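Colleague: Questions regarding the structure given below will be posed in turn.
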Ligand code: SF4
């Protein structure tokens, strides 16, 4: 599993960080940073919830 960020869409709203702070962090530049781009499958549920929480659809999952 790989987390994909569309930095053109990210508005730094921080919903992803609130849902799964181990994997997402809003940087000082106002864009999300991935703390672990290829997380273990065991984290899929938490990460999928964070991806779904992004209000501007900047996040997606790839296999
Ligand atoms: S929830 Fe979406 S817009 Fe907000 S920081 Fe995360 S990726 Fe960016």
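Bear in mind that the values in this text are calculations on the coordinates, not laboratory data. All values derive from a computational prediction rather than experimental measurement. Cβ sites come from the backbone with ideal geometry, for glycine too, and all protein chains shown count toward neighbours.
Colleague: Taking the condition touching a residue at least 40 places away in the same chain (Cβ under 8 Å), more than 12 Å from residue 5 (Cα to Cα) and away from the ligand (no atom under 12 Å from the Cβ), does residue 38 pass? Full working, then the answer.
Modeller: Numbers: touching a residue at least 40 places away in the same chain (Cβ under 8 Å): no; more than 12 Å from residue 5 (Cα to Cα): yes; away from the ligand (no atom under 12 Å from the Cβ): yes.
So residue 38 fails the test.
Colleague: I would also like to ask the following. Hey, can you tell me all the residues within region 44-60 that are surrounded by 15 or more Cβ atoms within 10 Å (Cβ to Cβ) and closer than 12 Å to residue 2 by Cβ?
Modeller: Correct list: 47, 51, 59.
Colleague: Only residues that are surrounded by fewer than 16 Cβ atoms within 10 Å (Cβ to Cβ), near the ligand (Cβ under 10 Å from one of its atoms) and touching a residue at least 24 places away in the same chain (Cβ under 8 Å): list them for region 1-30, please.
Modeller: 6, 7, 9, 11, 18
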